[in-house]
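Notes to accompany the following structure.
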């Protein structure tokens, strides 16, 4: 399975937080699955950290790559093709980062791992 973790899922994975559901934990740690972290999530983390809204043990410059490597996640760049699927999305979610994740899931045939009920309303595969 090819899965895309949303931002909070990545942060909970990095922290081994109890908020991560049992199903999500099983899917993201299964070595048979391809697990991706979007550049959109990295962008969101960097912005929130710079605004003082997201404390991290080190700067995002060190934190994200080290955690991505430790968790065996593959970086997913933001591509024009994914962005151009935006016009196919119903206006269910106002968060531009989450909308971009949905676009990437559509463009690349990914399952999004997210607890967000608004993401789960889009015509994509999700799990939590």
Study note, to complete from the structure: Over the chain, the quotient of the Cα radius of gyration and 2.2 N^0.38 Å is 0.99
Study note, to complete from the structure: Rh (Kirkwood, all Cα-Cα pairs) for the range 5-70, Å, reads 12.4
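Rule-based calculations on the coordinates, nothing more; no lab input. Since the structure is predicted, the reported quantities are computational estimates derived from the model, not experimental observations.
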